[in-house]
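Peer 1: What follows is a single structure, and I will ask about it in a moment.
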Amino acid sequence: MGRFRMSRIGIEEFPVPGEGPYAIALGPDGALWYTLVRSGHIGRLAPGGSPESWPLDPDSGPTVIAAGPDGALWFTEYRAHRIGRITTDGVVTEFPLPTPECGPYGLAAGPDGAMWFTEIATDRVGRITESGDVTEFALPTSGAFPSAIAAGPDGALWFTMNQADAIGRITIDGEVTVHGLPTPAAGPVGIAAGPDDALWFVEIAAGQIGRITVQGEVTEFPLPDRAARPHAIVRGDDALWFTEWGGNRVGSITPGGAVETYQLPTPGSEPHGLVFGPDRALWTALELGKLARIDVRGVIR
């Protein structure tokens, strides 16, 4: 089991127009791009600048956003059952998905030049090309609720299966392997490749951070606050960083399992997605209506 402590760190918050900042990504233009899940917008903030946004259908539910290999940003529209693409000039293209009511959620660039995504409601993982050609792969488990997805160090995509308490792996040819977790009712959500050639994920229901090797070996690290409801996770230089949606904190965990947590200034801010910005600060989307900048450069382990 890793050690943990709570620390202080420099945090600034920036209000943004629109409702419900949810996920955030670093664009090829050096700006932060984010989804506004409640108002149906895509937002952009260049550090030091003013926020701007582009409207989608108000009820489309844009959720996860990620930079694509084509120089654009891609995003899932959970309620509209589409995949969207926005250029750095703000030109939006939307692609309906073949399976009705599929609920696309997680999204990541794959090693094959395509974007890969999860379909929460229909137990599928999908692949979409730059031109909008979609292929869907059925999972072997029903009711799995596939959530976040990330490219692994082995050339495959790895994804969380929230209701199946498992981590899935899919090759670019569509071959799926499922690895069950030791903890029942763990509820894995966010997942990211770590600095140690393993995948790291959060267990929102169990209050733990998990690590899985490409061979499927799982290690779990309980958080100091088991009710913190960790949500998203991202790789840093020497650690993984995560949000605690229920604890109103961000935290870090080293490959050795040492955990530190940092309280956010505004109570009930609901931190979700997070990313390292062009300024090497950690940025997180607060569903309360802000983006938070966390200066992690002074953190000493």
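Peer 1: What size of dipole, in debye to the nearest 20, comes out for region 142-301 about its Cα centre when the only charges are +1 on Lys and Arg C-beta atoms and -1 on Asp and Glu C-beta atoms? Each step should come with its number before you reach the end.
Peer 2: Numbers: 11 positive and 18 negative charges, 87 e Å.
The calculation lands at about 420 debye.
Peer 1: Then there's this: Just report the Cα centroid separation between region 164-196 and region 238-301, whole Å.
Peer 2: For region 164-196 versus region 238-301, the Cα centre distance is 23 Å.
Peer 1: Among N162, L199, T213, whose Cα lies farthest out toward the positive end of the dipole of region 138-293, if unit charges sit on the beta carbon of Lys, Arg (+1) and Asp, Glu (-1)?
Peer 2: Among N162, L199, T213, the one farthest towards the positive end of the dipole of region 138-293 is N162.
Peer 1: Largest first and in whole Å, give the semi-axes of region 190-301's equivalent ellipsoid, each being the square root of 5 times a Cα gyration tensor eigenvalue.
Peer 2: On the way: eigenvalues 90, 52, 28 Å².
Equivalent ellipsoid semi-axes, largest first: 21, 16, 12 Å.
Peer 1: Excluding E119 itself, calculate the net charge of residues whose Cβ lies under 10 Å from the Cβ of E119, where each Lys or Arg counts +1 and each Asp or Glu counts -1.
Peer 2: Numbers: positive: R124; negative: E101, D123, E136.
Neighbour charge sum, excluding E119 itself: -2.
Peer 1: Determine the gain in length on full extension of the stretch V178-D237; use 0.36 nm per residue of separation and subtract their C-alpha separation, reporting nm with one decimal. Walk me through the numbers on the way to the answer.
Peer 2: Working: separation 59, 0.36 × 59 = 21.24 nm, distance 2.86 nm.
Additional length available on full extension: 18.4 nm.
Peer 1: With label points built 7 Å along Cα→Cβ from the Cα atoms of W54 and D279, find their separation and express it in nm.
Peer 2: Going from the W54 label point to the D279 one covers 2.4 nm.
Peer 1: Please compute the net charge surrounding L45, taking Lys and Arg as +1 and Asp and Glu as -1 over other residues with Cβ under 15 Å from its Cβ. Please list the in-between numbers first.
Peer 2: Working: positive: R44, K290, R293; negative: E12, E13, D29, E52, D279.
Once all neighbours under 15 Å are counted, the net charge is -2.
Peer 1: Still on this structure, please answer the following. Where only protein heavy atoms count, and the probe is 1.4 Å, what is the accessible area per residue for the chain in Å²? Intermediate values should be presented prior to the final figure.
Peer 2: Details: 11410 Å² over 301 residues.
Per residue, the chain has 38 Å² of solvent-accessible surface.
Peer 1: Go through region 113-126 residue by residue and turn each phi into a ³J(HN,Hα) via Karplus (6.51, -1.76, 1.60, θ = phi - 60°); whole Hz please, and just put x for glycine and proline.
Peer 2: With coefficients 6.51, -1.76 and 1.60, one gets x, 10, 9, 10, 8, 9, 10, 4, 7, 10, 6, 9, 10, x Hz.
Peer 1: Of the labelled options (1) 1.10; (2) 0.91; (3) 1.01, which one gives Cα Rg over 2.2 N^0.38 Å as computed for this structure?
Peer 2: Computed from these coordinates, Cα Rg over 2.2 N^0.38 Å corresponds to label (2).
Peer 1: Applying the Karplus parametrisation 6.51 cos²θ - 1.76 cosθ + 1.60 with θ = phi - 60° to the phi angles of region 92-108, what ³J(HN,Hα) value in whole Hz is obtained for each residue in order, glycine and proline being reported as x?
Peer 2: 9, 10, 10, 10, x, 9, x, 8, x, 6, 8, x, x, 9, x, 7, 7
Peer 1: Here's another thing I want to ask about it. Among A108, H81, G10, flag the residue with its Cα farthest along the positive direction of the charge dipole of the chain, charges on Cβ as +1 for Lys/Arg and -1 for Asp/Glu.
Peer 2: G10
Peer 1: Tally Lys/Arg at +1 and Asp/Glu at -1 over every other residue whose Cβ is under 12 Å from the Cβ of L199; what's the total?
Peer 2: Details: positive: R169, R211, R235; negative: D154, D196, D197, E217.
Charge balance in the 12 Å sphere: -1.
The values are calculated or read from the model by the stated rules, or taken from the named source; none is laboratory data. Computed from a prediction, not measured in an experiment: that's the story for all the values here. Reconstructed Cβ throughout: ideal geometry from the backbone, glycine too, with neighbour counts over all protein chains shown. The accessibility values were calculated without ligands, DNA or RNA, using every heavy atom of the protein model including side chains. Shrake-Rupley method; radii C 1.70, N 1.55, O 1.52, S 1.80 Å.
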